[in-house]
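Just below is one structure, and these are the notes that go with it.
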Amino acid sequence: MNFSFGAPWFLLLLLLIPCFIWCKVHTKHFYFTKIAWVRTQIPLFSLLLWLKITIFALMVVALAEPYIYDPTSNSTKRGRDLALVLDASGSMAQSGFHTKNRFKNRYEVSIDLAKDFVKKRLDDNIAVVVFGTFAYTASPLTYDLSGVSYLLDMTNVGVAGESTAIGDALMQAMHTLSFGDAENKVIVLLTDGQHNAGSTSPRQAVEKAKKTGIKIYTIGIGQKNEYDAVLLETVSKETGAKSYSAIDADELAKVYEQIESLEPSPIRSENYLDRNSLAFYPLIFATLLLLGWVLSKHGIFTPWTSREAI
């Protein structure tokens, strides 16, 4: 169990505690015929002073909303295991895919949009597989979405070779997903080429996906004659998913939105902690001390000496 505060800025009020000792208060003048009648007292050792400080500190701590939480509760998420499979072959170096920034190549644009997509998967376990002539896992399954975005930026065109091994890419994605515990598993495959490399055929990968219940969404980018649209449609149809095409960056952004609506992340607003508030305890203790102080002031309850000025 870990301890934290919901509103820690209230703890700054504790800096006012020295005022209980050194700040001047309004005083009344009394005249005594004998100085011996006046009892001398060092304020720092006044029981009443420390009572006031304790009540004030407890109320400040209650305002700061202390709570305990189980740090392992966030590891049991209710989303799905999702693998982004991105084509990094030589053809992805073509520019002009983004209508507003034609100097960016296809891969750079696809990375930017993939990062935007990942940011919305607040309750999903995300993995990234990059492929070309061969396929490799760039990021294992993780809930660390910022870490996934960082690893996406570390990849580039040609990092996995110049060819397009779609079958190997899907097999690598399924191997990566096998380490997850979610019931729903999804692959999003993006490519601009045709299967022409690797040791595994797309048909073999599809058969394995069907056996394991993994959906494969496919996205073909660029002109339809540049990639195998029939193959991508077949892969998606046989695994119970959909196939999309995107001729430019704007269409690709819309494709990700459609996939987002078909495979929504269960929790969108924030990540929740299983926490138990402790604010009640300092508040009730401060209330009891304050009540005792009030009762002692009226002579009903006198745990503190009556000679101390209140």
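The values are calculated or read from the model by the stated rules, or taken from the named source; none is laboratory data. Keep in mind that this is a model prediction, so the values were computed, not measured. Using ideal geometry, Cβ is built from the backbone for each residue, glycine included, and neighbour counts are taken over all protein chains shown.
Given the conditions (1) modelled with pLDDT under 90; (2) out of contact with any Lys or Arg (no Cβ under 8 Å at 6 or more places or on another chain), and given that residue 267 satisfies all but one, which numbered condition is not satisfied?
Here residue 267 clears every test but (2).
Please state which of the following conditions residue 80 fails to meet, knowing it meets all the rest: (1) at pLDDT below 85; (2) over 30 Å from residue 4 (Cα atoms); (3) touching a strand residue (DSSP E or B) at 6+ places or on another chain (Cβ under 9 Å).
(2)
Which one is nearest to residue 109 (Cα to Cα) among residues in the range 209-239 that are surrounded by 15 or more Cβ atoms within 10 Å (Cβ to Cβ) and charged (D, E, K, R)?
Checked the range 209-239; the qualifying residue nearest to residue 109 (Cα to Cα) is 226.
If I ask for residues that are in a loop (DSSP other than H, G, I, E, B) and either farther than 24 Å from residue 121 by Cα or not assigned by TED's automatic domain parsing to the domain that holds residue 245 (or both), which ones from the range 205-225 would you list?
Selection gives 222, 223, 224, 225.
Looking only at the range 127-163, which residues are closer than 23 Å to residue 227 by Cβ and either acidic (Asp, Glu) or modelled with pLDDT under 90 (or both)?
162
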